[in-house]
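What follows is a short report on a single structure.
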Amino acid sequence: MDEELKLALFRSLLLARAFEEKKIELAEEIGRVDIGPTSCYGQEAIPVGFSFGLNRDDFILPSIRSAWAADLTKGLPLKPIAAEMYGKAGGFSNGREISSHITYPELGIFGGTGVLGNNITVAAGIALAAKYRKTDQVAVCFMGDGASNREEFFAGLNFAALKKLPAVFVVENNQIAEFTFYQKFMPIKDIADRAAAFGIPGFVVDGNDLMAVYTTARETIRRARAGEGPSLVECKTCRVRPMSELGDPGKGLPPELIAEWRERDPVRRMQEHLQQIGVLTEKDFRELREKLRKEVDAAFQFAREDRYAPPEEVFKDVYEEGGLLE
Ligand SMILES: Cc1ncc(C[n+]2csc(CCOP(=O)(O)OP(=O)(O)O)c2C)c(N)n1
Ligand SMILES: [Mg+2]
């Protein structure tokens, strides 16, 4: 991997980190409007590694936790995301949506709903359409370990495998679903083992290693695009934050496990690597981090100052059978 590519990947990772930091800082304020935020702090290398370098018309179907990092990496601008979080008019749906559900077809972003795992069968359907139309597009579908245990996983992967669809299924195994350790609801250690049941390749990757994630992403996306069919990639990581940033009282993973994974922070690891190979200095790092934090700050400042959509616009963009309501 050449140095420029590594630096560009790192920039995307740092932007995702700056956004997660801001979300955590503003959680209570944002939570009065948006349902979130759930944070993927510490897990950003997965959505970044898979969303980086996709074609503009490739599809991503993000998970509820890492949607913001995936959307930003795919090219969604900061300001409308922040405005959506504050329920303001400048948001992608005039502030009506939950920001982890943002859909933006122009960039191939298909947001989820409140139903975990529903994006898995939708991804299979989108990939079927791409194959049918011979467009060369690939659909990358993200899900948590909990979501990967839902029936949509089995239906979606079976169908995608059967039809050799251009899809990649990415499990963000942060070892916990809400308050339950994944080994309490799943009898196998590696979720990637389930790939064998569909006759497709399954990969286990260190999800906190940006370059490892990116390398696997490239290979599985290449396979999908070349007509070789879907893959299942399990990215091992750890939820180092609570289920929700809104003072969730439920128990998370054991503190010792969290401490161990905090040592494997993806930002620090990539920073150390770039410094070791001599393409980034400590000063460069601080300057870049500062610049990105300022961009994120400006987006949230815009969001706070933005207006609310007027009540008379409530039916704008609302569809009824046959077309727009207004
Ligand atoms: C079908 C369904 N069941 C339950 C929920 C409630 N719920 C929301 S987030 C969550 C935990 C999800 O765990 P996982 O899929 O591992 O993702 P993570 O939050 O760990 O990233 C649950 C159970 C839901 N939204 N949808
Ligand atoms: Mg999980």
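The values are calculated or read from the model by the stated rules, or taken from the named source; none is laboratory data. Everything numeric here is computed off the predicted structure, so don't read it as measured data. Cβ: placed from backbone, ideal geometry, glycine included. Neighbour counts: every protein chain shown.
Within the range 179-212, the residues that satisfy the criterion of being more than 16 Å from ligand 1 (Cβ to nearest atom) and closer than 18 Å to residue 6 by Cβ are 205, 206, 209, 210, 211, 212. Close Cβ contacts (under 6 Å, 6 or more residues apart or on different chains) running from residues in the range 154-177 that are at positive phi to residues that are near ligand 1 (Cβ under 9 Å from one of its atoms) comprise 175/182.
Quick one: is residue 60 touching a strand residue (DSSP E or B) at 6+ places or on another chain (Cβ under 8 Å), within 15 Å of ligand 1 (Cβ to nearest atom) and not in a helix (DSSP H, G or I)? It is false that residue 60 is touching a strand residue (DSSP E or B) at 6+ places or on another chain (Cβ under 8 Å), within 15 Å of ligand 1 (Cβ to nearest atom) and not in a helix (DSSP H, G or I).
Results for (1) modelled with pLDDT of 95 or more; (2) under 30 Å from residue 227 (Cα atoms); (3) surrounded by fewer than 24 Cβ atoms within 10 Å (Cβ to Cβ); (4) not aliphatic (A, V, I, L, M), shown as yes or no for each residue.
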residue	(1), (2), (3), (4)
31	no, no, yes, yes
44	yes, yes, no, yes
51	yes, yes, no, yes
68	yes, yes, no, yes
83	yes, no, no, no
123	yes, yes, no, no
128	yes, yes, yes, no
135	yes, yes, yes, yes
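Residue 292 falls short of the stated requirement of being outside any helix (DSSP H, G or I), under 25 Å from residue 37 (Cα atoms) and either of a type in the set (Val, Ile, Thr) or within 23 Å of the chain's Cα centre (by Cα) (or both).
Conditions tested, residue by residue: (1) within 14 Å of ligand 1 (Cβ to nearest atom); (2) touching a Phe, Trp or Tyr at 6+ places or on another chain (Cβ under 6 Å).
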| residue | (1), (2) |
| --- | --- |
| 99 | no, no |
| 108 | no, yes |
| 118 | yes, no |
| 136 | no, no |
| 153 | yes, no |
| 177 | yes, no |
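Considering the range 160-268, the qualifying helices (runs of 4 or more DSSP H), each wholly inside and each with 1 or more residues that are surrounded by 18 or more Cβ atoms within 10 Å (Cβ to Cβ) and within 16 Å of the chain's Cα centre (by Cα), run over 210-225. For the range 11-29, filtering for residues that are under 16 Å from the mean Cα position of the chain (by Cα) and either surrounded by 19 or more Cβ atoms within 10 Å (Cβ to Cβ) or free of Cβ contacts under 8 Å to residues at least 60 places away in the same chain (or both) leaves 10.
Scanning the range 5-42 for residues that are part of a helix (DSSP H, G or I) and of a type outside the set (A, V, I, L, M, F, W, C) gives 6, 11, 12, 17, 20, 21, 22, 23, 25, 28, 29, 31.
The set of residues in the range 236-284 that are without any contact (Cβ under 8 Å) to a residue 12 or more places away in the chain and among the hydrophobic types (A, V, I, L, M, F, W, C) contains only 259. Selection over the range 98-126 of residues that are in a helix (DSSP H, G or I), touching a strand residue (DSSP E or B) at 6+ places or on another chain (Cβ under 8 Å) and among the β-branched types (Val, Ile, Thr) gives a count of 3. Residues in the range 63-97 that are among the β-branched types (Val, Ile, Thr) and either over 18 Å from residue 12 (Cα atoms) or in a loop (DSSP other than H, G, I, E, B) (or both): 64 alone.
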